[in-house]
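The structure appears right after this line, and notes come after that.
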Amino acid sequence: MQIDKILRIYLGDTWALITEFVLIGVALLAVYATLALILIYAERKICGFFQCRLGPNRVGKWGILQSVADMVKILLKELIHINRADHFLFRLASFVIIAASICTFAALPFADGAHVIDFNIGIFYLMAVSSLGVVGILMAGWSSNSKYTMIGAMRSGAQLISYEISAGLSLLVIVILSGTMQISEIVAQQSEMWFIFKGHIPACLAFLTYLIAGHAETNRGPFDLPEAESELTAGYHTEYSGIRFGFFYLAEYLNMFIIAGIASTMFLGGWMPLHIPGWDLFNNTMDYIPSVVWFFGKTFFCIFLALWVRWSFPRLRIDQLLNLEWKILMPICLINLILMTLVVVL
Amino acid sequence: MKKEFGYIREIFTGSYRLLQGMYITFLNMIRPKVTQQYPENRGKKIYPERFRGLLTMPHNEQNQHKCTACGICMINCPNGTINVISKTVETVTNTTTPEGEIKSVTKSKKALDKYMYDLGSCIFCALCTSSCPQDAIEWTNAFEHSVFTRDKLFKQLNREGSELITKNKE
C-alpha cells in the first residue's frame, strides 16, 4: 500500500504501524456513523413506502438530510440524570453495546482487500463478539432502576441467547461446506458460485434460518418485544437520553447491517461478483463492477428483506417467540446440519 | 404419528401464510402513495365529485336560485346549522273575468328572504342536500375555511336581490 510505504519512510516501523491502526480505526468509525445515518434514512423511507406514505421529504431533496438533522438534535439533547440508578453500569452499558457492535462491524470484509482482520477463526470471532451486546443490554436494563427496562432486558436476554444457537448452527452449515472458518477463504471459495447456489437445499435453508435468527438477534421486526412500545415503553433503553440513547439506536441499526453483511458474506458471496460457471463473458463483465458495490448491494438487499418482514408480520408473544426458536428453528437447523454433512460427504 | 405429521405440516402452511403476508405488503409498497403534499398541490389536486367542502346555493346568470323556502333542509338539519328566513311576496295580477271585467287579484306567496348557514356548526352530513326537493343547494369542493373570527363562518347563501327561478311555461 502507498500509505504504508510513505509512513515507513517518515516514521519508524512501530510508529508507522500505530498510525495505521489509528487511521483504520478512524475510517471504520466514520463508515460506521455514515452507515447508521444512511440506514436510518432508508428505514424511514422504506417503512413509509410500505405504509403507502412518502416518508421524510422536507429536509433536503427527498428528505436526504433528515437523519443528519436528527443526529444534530440528539447530540444537543440533555443527558438526564437518573436518580438512584447504578451510574457506573448505566454509563458503561451504552459503551459495551456500541463496542460489541463496532468490533463485529470491523471484521466484515467490505471489499476485495478491504478487510481489517482476517483470522483463521473469523466466523467464530464474529459470533462471539456480536453476542457480547447482550451483556450491555442486560446491564442497561438492570442499572436503570426501572421495571420497564428490567423486563425488557430480561426478554431481550432470553431472546438473544436462544436465537444465537440457530444463527450459529446456520453459519456452521456454511463452515461445513467450505471447510474453513477464515472469512477471506470462504469468500474466495465462492468465486465460482455463491454458496447459496452451491450448497443445494441445505444452504438455502440455512440462509433462511440465519435471516430469521439474525433478525431476532437485532431485536427488530416481529421480534421486537424487548422494546414493545405498548407494554414496555421502550424496553431496556427507556431511561436513556441524548447521545447515550443515540448509542443504543446506532448499535441497533448497525446490528441490522452486520447481520445482513454476515448473511451476504456467508451465503451470497460477500464482495465476490456473480459468477456462473461456463459463462466466461458474463463473468468478465460482472468483474468490472467494483467489489464494494457488490458487497453493499447484497447487504442492502438483505436489509430490505429485514424491513419487508418487519412491516409484514405482527409482533410475537414471548412464549411464541421461544416456541419458534426451540421447537421449530433449532430442530430445522440441526437437521439441516446433518443434511449438509451428507451433501459434503457424498 | 398424527401429531408429528401435524407439526411438520404446520411449518409448511405457516411459511406459506407468511409468504402470502409478505406478498400483500410488497404490493402495498409499490402502490401509488396516498400522501397529499398539501400546500404544494394547492389547485393541482382534483377532488372527488362527492367531496363535501362547503354548502352553496347555485345561482344562474339572472341572479336566480331554485330555493322555494320550503324549509325542509332546516327541519332535517341535525344541529340547527341552517336557518331559512322566508318572506311573503304579494303579487298583483290582472285577470279578465268571463264577463269582460278586469279584476286585480292579490296573491301572497312564500319566498326566500335569507338562507343562513352556520359553517362552524355544520357536520357535513349532507342531509340538507339529499332532502331538498328542488336541488337548490349543493356541495362544492372548497375546503379552506379557516378565518380569524367566528362571525365570518355565518354565511348567507342566497345573493342580494336574488329571486326564485322562473319556470318556462310551455
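Across all directions of projection, what mean area in square nanometres is found for the Cα convex hull of the stretch A:77-211? Please list the in-between numbers first.
Details: hull surface 40.2 nm².
Convex hull of Cα atoms, orientation-averaged projection: 10.1 nm².
What is the Rg over Rh value, at two decimals, for the stretch A:1-76, using alpha-carbon atoms and the Kirkwood definition of Rh?
Using only Cα positions, Rg/Rh for the stretch A:1-76 is 1.28.
Show which aspartates and glutamates lie in cross-link reach of B:Lys109 when reach means a straight Cα distance below 12 angstrom and same-chain residues fewer than eight apart are skipped.
Result set, ordered by chain and number: B:Glu90.
What Cys residues in the protein assembly as shown are without a partner cysteine, judged by a Cβ distance under 4.7 Å?
A:Cys47, A:Cys52, A:Cys103, A:Cys204, A:Cys302, A:Cys333, B:Cys67, B:Cys70, B:Cys77, B:Cys122, B:Cys125, B:Cys132
Kirkwood hydrodynamic radius of chain B from all distinct Cα pairs, in Å?
Details: mean 1/r = 0.0462 Å⁻¹.
The answer is 21.6 Å.
Taking GluC sites (Glu not before Pro) as exposed when DSSP calls them loop (any state but H, G, I, E, B) and at most 15 other Cβ atoms lie within 10 Å, what is the longest stretch of chain A free of them, the sites themselves excluded?
Maximal segment without exposed cleavage sites: A:193-346.
With springs only between Cα atoms under 10 Å, which of B:Lys66, B:Lys109, B:Lys33 fluctuates most in a Gaussian network model of chain B?
B:Lys33
When Cβ neighbours within 10 Å are restricted to other protein chains, what is their mean count per residue of peptide A:52-63?
For peptide A:52-63, the averaged partner shielding equals 2.
At q = 0.10, 0.20, 0.23 Å⁻¹, work out log10 I(q)/I(0) for the stretch A:223-346 with the Debye formula, treating every Cα as an identical point scatterer and leaving solvent out; two decimals please.
After summing over all Cα pairs, the log10 values are -0.53, -1.23, -1.30.
Can you give me the span-like helices of chain A, meaning DSSP H runs with 20 Å or more of Cα extent along the axis and Kyte-Doolittle mean at or above 0.0?
Span-like helices here: A:13-50, A:87-106, A:147-178, A:200-217, A:242-266, A:291-310, A:330-345.
Can you compute the helix-only [θ] at 222 nm over chain A? Use -39500 (n - 2.57) per DSSP H run of at least 4 residues, normalise by all residues, nearest 500 deg cm²/dmol.
The per-residue figure over chain A is -22500 deg cm²/dmol.
Return the single residue from B:Pro39, B:Pro58, B:Pro48 with maximal mean-square fluctuation; model: Gaussian network over chain B, springs between Cα atoms under 10 Å.
For chain B, modelled as a Gaussian network with Cα springs under 10 Å, the answer is B:Pro39.
What is the spread of the Cα atoms of the stretch A:220-278 along each of their three principal axes, largest first, in whole Å?
So the extents along the principal axes, rounded to whole Å, are 57, 25, 10.
Given 0.36 nm per residue, what is the gain on full extension from B:Ser146 to B:Arg17 after removing their alpha carbon distance, in nm?
Extra length available between B:Ser146 and B:Arg17 comes to 41.6 nm.
Once Lys and Arg get +1 and Asp and Glu get -1 on their Cβ, which of B:Ser162, A:Leu35, A:Gly48 lies farthest toward the positive end of the dipole of the protein assembly as shown?
B:Ser162
Please identify, among A:Gly55, A:Gly113, A:Gly246, the residue showing maximal mean-square fluctuation in a Gaussian network model of chain A using a 10 angstrom Cα cutoff.
Result: A:Gly113 has the largest fluctuation of those listed.
Below 14 Å, Cα to Cα, which aspartates and glutamates can B:Lys66 reach? Residues fewer than 8 away in the same chain don't count.
B:Asp113, B:Asp135, B:Glu138, B:Glu163
Given chain A reduced to its alpha-carbon atoms as identical point scatterers, what log10 I(q)/I(0) does the Debye formula return at q = 0.08 Å⁻¹?
Listed by q, the Debye log ratios stand at -0.42.
The stretch A:161-255: Rg/Rh from Cα coordinates, Kirkwood Rh?
In the stretch A:161-255, Rg relative to Rh is 1.12.
Could you compute how fast the stretch B:86-169 diffuses translationally, taking Rh as the Kirkwood radius over C-alpha pairs and applying Stokes-Einstein at 25 °C with viscosity 0.890 mPa s? Give it in µm² per second.
147
Every read-out reported here was derived from the displayed coordinates using simple, explicitly stated rules and does not represent laboratory data. The model shown is predicted, which means the values in this text are computed figures rather than measured ones. As a convention, Cβ positions derive from the backbone with ideal geometry for all residues, glycine included, and neighbour counts pool all protein chains shown.
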